[in-house]
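Have a look at the structure below before the remarks.
The values are calculated or read from the model by the stated rules, or taken from the named source; none is laboratory data. Remember, it's a predicted structure, so these values are computed and weren't measured experimentally. Cβ: placed from backbone, ideal geometry, glycine included. Neighbour counts: every protein chain shown.
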Amino acid sequence: MTITQEKTLAAQVRSDFPILHQEVHGKPLIYFDNAATSQKPLAVLNALHHYYEQDNSNVHRAIHTLSARATEGYEGARDKVARFVNAASRQEIIFTRNASEAINLVAYSWGLHNLQPGDEIILTMMEHHSNIVPWQIVAQKTGAVFKYVQLTETEALDLEHFKSLISPKTKLVSLVHVSNTLGCINPVAEIIAIAHQYGAKVLIDACQSMPHMPIDVQAMDCDWLVASGHKMCGPTGIGFLYGKLDLLLAMPPFMGGGEMISEVFLDYSIYGDLPQKFEAGTPAIAEAIALGAAVDYLTGVGMDKIHAYEEELTAYLFKQLRGIPGIRVYGPPPTAEGKGRAALASFTVEGINANDLATMLDQEGVAIRSGNHCTQPLHRVLGVPSTARASLYFYNTRAEIDAFIVALKETIDFFRSVME
Ligand SMILES: *Cc1c(COP(=O)(O)O)cnc(C)c1O
């Protein structure tokens, strides 16, 4: 070590996250549940506070100053998100409550009106329930049928199997970019290119990639993409849908109400332009503005830097986990440099219930998830009802990984001693 060694990314940003500086059960908090929701930097908390203290008003409606400021903030946030994902137009960004609502929007609007009996929808075995259930509802109404892409032996997406499933009958491919359980990074650009050869549309669930790596929707060439604000340093209650302009223009509204119309008569209405057509009612104004602040914050830190630092954390986490007897980590392993997967590990320990692990770790101040992580079909494939999951973000440190590993080993030793 040299004195001039640069501070790690985490060391530079940790002071921006007030919540991280607390003790839980008398131990420093180690927050390793970032795949469920991320923590929020001061810039985001301040944006919420500032909005309600200075600008609170309804958008798009009044001509008074506060309404103009609120509208400017809300629409400015749309511009920020559009730039963040490199959308061709701001009209391609629709604010929703979360990623689940964004998928439902596409399912109800596009799916209900474009799917026919016998049309095929390709999903993967690793989808989040949010990317399964809306399609089931629409399939029940339209007669569309499902095909599911299997996993490879190393528990990654089986691209060859995908190629064997796709056909001219395929109307939609909807899949996760980075699995919230397996941590694998799926080859979405390749899948999209193949799907388009067959005339199928592709929706990308970017909930676990958007917070962690640069995303370019035009380079990816996805038809739709969804993400949740709360997993990318933003507040809850706000997410977004990206959709190609021509598709969004052709799609009918999902919900009706104020804001989404241009003229209303007693028996019919003329709908508003994009993006308002899909934003019925008063939107989550403060939350959208705060999401804009989150996007500014992430851009300021640098998505390339975040991704590179998380690869270092991934390499270190997996190296440390390998030393634990009886542990089974799911999903493909990273390279020695931590490449090829996300900084999260879902695992089981022989003979110990995942919830018991999480409960004991909480006593040590370590917050990890246990359960099925909204991927029940995947857990059936893996043959376990639940897993424990440690998921990291760029404010986490090697020292926290060390403390987590010590706590995990002690927990395992404790359960082993009780079982004997
Ligand atoms: C969190 C998550 C969702 C759902 O996000 P909500 O914010 O709950 O709507 C969907 N897919 C993946 C991969 C997720 O991680």
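Considering only residues of segment 92-101 that are within 16 Å of the ligand (Cβ to nearest atom) and either part of a helix (DSSP H, G or I) or not assigned by TED's automatic domain parsing to the domain that holds Gly281 (or both), which is farthest from the chain's Cα centre (by Cα)? Outline the logic, then answer.
As a first pass, look at segment 92-101 and keep what is within 16 Å of the ligand (Cβ to nearest atom): 94-101.
Narrowing the set further to residues that are either part of a helix (DSSP H, G or I) or not assigned by TED's automatic domain parsing to the domain that holds Gly281 (or both) leaves 99-101.
Numbers: Ala99: 7, Ser100: 10, Glu101: 13 Å.
Out of the qualifying residues, it is Glu101.
I'd like to check something: does segment 108-122 contain any residue that is within 16 Å of the ligand (Cβ to nearest atom), touching a strand residue (DSSP E or B) at 6+ places or on another chain (Cβ under 7 Å), touching a residue at least 12 places away in the same chain (Cβ under 8 Å) and not in a loop (DSSP other than H, G, I, E, B)? Explain how you work it out, then say what you get.
Restricting attention to segment 108-122, the residues satisfying the condition of being within 16 Å of the ligand (Cβ to nearest atom) are 108.
Now drop any that are not touching a strand residue (DSSP E or B) at 6+ places or on another chain (Cβ under 7 Å), which leaves none.
There is no residue in segment 108-122 that is within 16 Å of the ligand (Cβ to nearest atom), touching a strand residue (DSSP E or B) at 6+ places or on another chain (Cβ under 7 Å), touching a residue at least 12 places away in the same chain (Cβ under 8 Å) and not in a loop (DSSP other than H, G, I, E, B).
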### Task
Would you point out which residue out of Glu400, Glu410 is in a helix (DSSP H, G or I), at pLDDT 95 or above and surrounded by fewer than 21 Cβ atoms within 10 Å (Cβ to Cβ)?
Glu410
### Task
Would you point out the residue of segment 334-393, among those that are closer than 22 Å to Val24 by Cα and among the acidic types (Asp, Glu), that is nearest to the chain's Cα centre (by Cα)?
Asp362
#### Entry: The one condition in (1) surrounded by 23 or more Cβ atoms within 10 Å (Cβ to Cβ); (2) more than 21 Å from the chain's Cα centre (by Cα); (3) among the polar types (S, T, N, Q) that Asn104 fails to fulfil
(2)
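Let's see how each residue does on (1) outside any helix (DSSP H, G or I); (2) in contact (Cβ under 8 Å) with a residue 40 or more places away in the chain; (3) away from the ligand (no atom under 11 Å from the Cβ); (4) among the charged types (D, E, K, R):
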position	(1), (2), (3), (4)
Thr154	yes, yes, yes, no
Glu160	no, no, yes, yes
Lys163	no, no, yes, yes
Glu190	no, no, yes, yes
Ile194	no, no, yes, no
His212	yes, yes, yes, no
### Message
Against the conditions (1) surrounded by fewer than 20 Cβ atoms within 10 Å (Cβ to Cβ); (2) touching a helix residue (DSSP H, G or I) at 6+ places or on another chain (Cβ under 9 Å); (3) not in a helix (DSSP H, G or I), where does Lys7 fall short? Just the number, please.
### Response
(2)
### Query
Got at least one residue in segment 264-280 being assigned by TED's automatic domain parsing to the domain that holds Tyr108, touching a residue at least 40 places away in the same chain (Cβ under 8 Å) and in a helix (DSSP H, G or I)?
yes
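Name the residue, out of Ile238, Ile261, that is in the same structural domain as Ala294 (by TED's automatic domain parsing), closer than 22 Å to Asp296 by Cα and buried (at least 16 other Cβ atoms within 10 Å of the Cβ).
Numbers: Ile261 fails: closer than 22 Å to Asp296 by Cα.
Of Ile238, Ile261, the one residue that is in the same structural domain as Ala294 (by TED's automatic domain parsing), closer than 22 Å to Asp296 by Cα and buried (at least 16 other Cβ atoms within 10 Å of the Cβ) is Ile238.
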## Note on the structure
Checked pairs for segment 18-38, first touching a residue at least 24 places away in the same chain (Cβ under 8 Å), second assigned to a strand (DSSP E or B) and of a type in the set (S, T, N, Q), C-beta under 8 Å and 6 or more apart or across chains, list as Phe32/Ser391; Asp33/Ser391; Asn34/Ser391; Ala35/Ser391; Ala36/Ser391
#### Entry: Gly351 vs. criteria in contact with a Phe, Trp or Tyr (Cβ under 8 Å, 6 or more places away or on another chain) and more than 16 Å from the ligand (Cβ to nearest atom)
yes
### Task
Report, ordered by the first and then the second residue, all pairs with beta carbons closer than 7 Å, sequence separation of six or more or different chains, a first member in segment 77-97 that is under 20 Å from Gly281 (Cβ atoms) and small (Gly, Ala, Ser), and a second member that is away from the ligand (no atom under 16 Å from the Cβ) and assigned to a helix (DSSP H, G or I).
Ala77/Ile289; Ala77/Gly292
### Task
Look at His196 and say whether it is assigned by TED's automatic domain parsing to the domain that holds Thr124 and within 12 Å of the chain's Cα centre (by Cα).
no
### Task
Determine the pairs where a residue that is in a strand (DSSP E or B), located within segment 130-146, has a partner that is more than 16 Å from the ligand (Cβ to nearest atom) with Cβ atoms under 6 Å apart, the partner being 6 or more residues away or on another chain.
Val145/Glu120; Phe146/Ile121
### Message
Can you confirm whether Lys141 is of a type in the set (D, E, K, R), over 18 Å from the mean Cα position of the chain (by Cα), buried (at least 18 other Cβ atoms within 10 Å of the Cβ) and not assigned by TED's automatic domain parsing to the domain that holds Ala343?
### Response
no
